[in-house]
Each structure stands twice: as structure tokens, then as C-alpha cells.
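Data first, discussion second: the structure below is written as C-alpha cells.
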């Protein structure tokens with residue numbers, strides 16, 4: 001009886017997991033399939049009908065290309081700043097004692113603020129301060145969004161750093177800086193790489209905050225949203241498919257890198 005009950009629980013668990021994955025991945029996979037369909041919607045193309053027509057037209061879409069360049073610049077700067085600041089915040093977390101919990105909650109608080117409220121609040125503050133909407137204002141908004149996630153990822157990677165390693169290094173005369181460079185940094189490198197990738201993708205795909213904070217040159221999600229409302233062009237499906245493939249590729253490369261390092 002217990003064996004049957006255990007088998008039923010496993011089947012139920014797998015069924016729920018597979019159903020959840022289908023709900024999550026079906027829409028982007030459908031969008032990806034449509035991007036290769038020369039006839040576009042509503043059907044998914046057959047293998048014999050696959051076409052790169054809309055991908056070939058991408059370089060001629062100046063608005064999309066300009067928005068993509070803007071988004072890549074913002075995402076790169078956001079990823080570097082979020083990772084660096086999150087690393088400093090994680091180091092401060094381990095140095096604190098009584099106020100450690102308060103510090104943790106303070107750093108991750110922006111994660112729970114809705115994007116609409118955060119974008120509108122930042123826009124109001126910048127306008128009141130005489131700061132015009134620009135690339136820098138978008139980076140500020142994306143930084144608040146990406147940093148809590150990068151902080152948690154980096155904080156988790158510190159589990160590989162044992163206190164005994166640092167104590168042994170100190171006994172051998174290593175300074176705090178040498179302990180960090182020679183011991184801590186190599187052990188948390190996978191977490192830093194993950195934080196960079198995570199922050200980059202969060203910024204690249206962020207719409208709500210950029211909608212309130214972008215200047216003359218909008219980011220790619222904002223431009224895609226505008227084009228969808230004004231009448232969907234087939235090219236936007238190709239752009240969305242390309243972004244999806246690049247995002248999956250980045251995550252896959254990072255996963256392979258970590259697996260190879262472990263082996």
C-alpha cells in the first residue's frame with residue numbers, strides 16, 4: 001500500500017511539474033515558431049515552410065536596431081554595476097552582526113516594489129530634481145531592480161567560502177585583501193558570473209521602469225510594445241525570437257561552464 005502511495009505521489013508531482021513547465025514555456029516557444037513562419041499567424045509552420053524572411057529584414061528596421069543597441073548598453077552597464085555593488089553588499093553582510101537581518105531586508109526591498117510604482121516614483125524624483133530622462137535614468141531604475149537578485153545569487157555563492165580557509169590564510173600572514181583575492185574571489189566566481197548574466201537579462205527585458213524613465217531613445221521592450229499597439233509587424237516576432245534564443249544560449253553556456261568546472 002505504501003509503495004503504491006509513493007508511486008502515486010511521484011506521478012502526481014511529475015505531472016504538476018510538467019504542466020507548470022508547459023504553461024511557462026509554451027508561449028515563448030510558440031512565438032519562436034511563428035517567427036520562422038513566412039505566412040505568420042495563426043499556425044505554426046511545417047518544417048518545409050520554415051523561413052528566415054523576417055530575420056533577414058531585421059537589419060533594415062532602424063527603430064528596432066537602435067532600441068536594441070540602447071538596451072544592450074543599458075543592460076551591460078546595469079549588469080556590471082549591480083554585480084559590483086551586490087558583491088560589496090554581500091561582504092558588508094558578513095561583517096555585520098546585530099544588524100545583519102536589517103541590512104539583508106534593506107538590500108532586497110526593491111525586489112518587492114511593483115515596477116509601475118518604482119518607475120513612477122523615480123520619474124517624479126528625477127523631474128523634481130531637474131534631471132532629464134536619459135540612459136542614466138533608465139540605468140538607475142534597472143539597477144534598483146537587478147541588484148537584489150544579484151545580491152541573493154552572490155550571497156548564496158559565499159557558502160563555498162569556509163571560515164577555516166580564511167583563518168588558515170591569516171595564520172600564514174595573508175592580509176584581508178589577499179584573503180579576498182586568493183581565496184574568496186575564486187570560490188565565488190560562479191556566483192559572480194551568474195549575477196552578471198541574471199542582471200543583464202533582467203535589464204534587457206525590463207519594460208515597466210524603462211517606460212517611465214527612457215529619454216528620446218527608448219529601450220527595445222518599449223519599442224516592441226509601441227509597435228504591437230500600432231499594428232504588429234512580422235519583424236517584431238523575429239526580434240523577440242532572437243532575444244529569446246540569445247537569453248537561452250547565455251543561460252546554457254553558463255550552466256555548461258559550471259558543470260565543467262565541477263567535473
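The numbers here are math on the coordinates, done by the rules we state, and not lab data. Quantities reported herein were computed from a predicted structural model and do not represent experimental measurements. With ideal geometry, Cβ positions are generated from the backbone for all residues, glycine too; neighbour counts draw on all protein chains shown.
So the values come out like this:
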quantity: FRET efficiency estimate (nearest 0.05) - Cβ-Cβ, residue 166 to residue 97, R0 22 angstrom; calculated: 0.85
quantity: Between helix 220-229 and the chain: long-axis angle, C-alpha atoms, 0 to 90°, nearest 10; calculated: 30
quantity: Stokes-Einstein translational diffusion, the chain - Kirkwood Rh over all Cα pairs, 1.306 mPa s, 10 °C, in µm²/s; calculated: 74
quantity: Extension gain (nm, one decimal) between residue 156 and residue 19, 0.36 nm per residue minus Cα-Cα; calculated: 46.4 nm
quantity: Helix-derived mean residue ellipticity, 222 nm - over the chain, DSSP H n ≥ 4, -39500 (n - 2.57), to 500; calculated: -25000 deg cm²/dmol
quantity: Nearest 10 degrees, 0 to 90: helix 62-95 Cα axis against the chain principal axis; calculated: 20
quantity: Cα Rg over Rh - region 120-263, Kirkwood; calculated: 1.12
quantity: Cα-based convex hull, region 44-125, per residue volume (Å³, whole number); calculated: 200
quantity: Ranked by how many other beta carbons lie within 10 Å on average, peptides 99-112, 134-147, 66-79 from highest; calculated: 134-147, 66-79, 99-112
